[in-house]
Amino acid sequence: MRKYLLLTGAALIGLSGSAYAAINCAVPPTCDELGYAYTADQCEDQAMLKCPSDITKVFCRTPKSLYIPVTCTVGAILYDDLKCYDNIPSDKTAIGIVSDASKKQAIALNDIKLKWSNKTTDITALSNCTSSNYTTCNINGKDNTKKIVSALGTGSDYAAGYCYNKTDGGVAKGTWFLPSASELHPINDNKFILSSSLKAAGRQELSRDDYYWSSNENASNSALIVEMDGGYTTGIDKTSSRYVRCIIAY
């Protein structure tokens with residue numbers, strides 16, 4: 001017995017330092033390296049195997065994507081595929097914040113100050129709306145924007161033209177539009193949620209102490225604006241400079 005132990009010790013002493021380290025200090029493979037690269041949620045309703053060293057990692061044959069679209073709610077981020085996600089998709093670009101879930105509309109991540117128009121041209125295709133009938137007068141901002149651009153041209157130096165030419169996230173030209181006064185009011189109603197989401201995204205919060213242009217004409221020389229601190233709606237000179245926050249339908 002003593003001779004056997006001595007021989008074993010001699011054999012170990014005879015090993016090189018690197019070989020001995022390889023036997024005793026080998027790094028075990030990670031769960032991911034062994035194929036346990038998913039979560040239980042990704043393998044829902046499937047047979048799955050749990051990693052022995054980390055039971056939160058599992059293996060299954062057909063895992064679901066981490067980036068499953070979810071129902072968009074007010075304050076949720078809208079991505080360039082016009083969908084919302086629980087997790088942040090690594091291959092998608094944020095383009096807006098959902099402002100009205102029922103109408104499926106989202107506001108742009110930034111605003112800008114512009115004139116409604118550089119001239120006091122009457123947009124004959126639009127009705128003249130007032131602070132008392134804006135809830136029923138020309139409420140479709142996308143339609144309004146097209147009519148304004150048709151009359152004033154496709155330049156980006158005025159409110160409707162700027163939104164019409166906006167291509168954030170690679171969306172097609174003409175997809176963004178200047179909201180109607182009716183479409184601006186849900187933004188005012190949800191301004192704290194929206195501003196919180198914009199701030200979390202490192203973007204420009206809604207300017208609550210100022211007014212935003214709507215796509216509603218008020219007269220040949222004026223258009224409707226909506227305040228983001230109570231929703232006060234009135235008409236002012238089209239050549240005044242006010243905030244523009246474009247919106248998109250998804």
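Scanning the stretch 225-250 for residues that are charged (D, E, K, R), over 15 Å from S99 (Cβ atoms) and modelled with pLDDT of 95 or more yields E227, D237, K238, R242. Applying the condition of being of a type in the set (S, T, Y), in contact with a Phe, Trp or Tyr (Cβ under 9 Å, 6 or more places away or on another chain) and part of a loop (DSSP other than H, G, I, E, B) to the stretch 176-223 and asking which residue is farthest from T93 (Cα to Cα) yields S180.
The residue of the stretch 215-250 that is nearest to the chain's Cα centre (by Cα), among those that are farther than 16 Å from P179 by Cα and not small (G, A, S), is D229.
When you scan the stretch 224-241, how many residues do you find that are part of a strand (DSSP E or B), surrounded by fewer than 16 Cβ atoms within 10 Å (Cβ to Cβ) and β-branched (V, I, T)? Qualifying residue count for the region: 1.
The values are calculated or read from the model by the stated rules, or taken from the named source; none is laboratory data. Everything quoted here is computed from the prediction, not taken from an experiment. All Cβ positions, glycine included, derive from the backbone under ideal geometry; neighbour counts span all protein chains shown.
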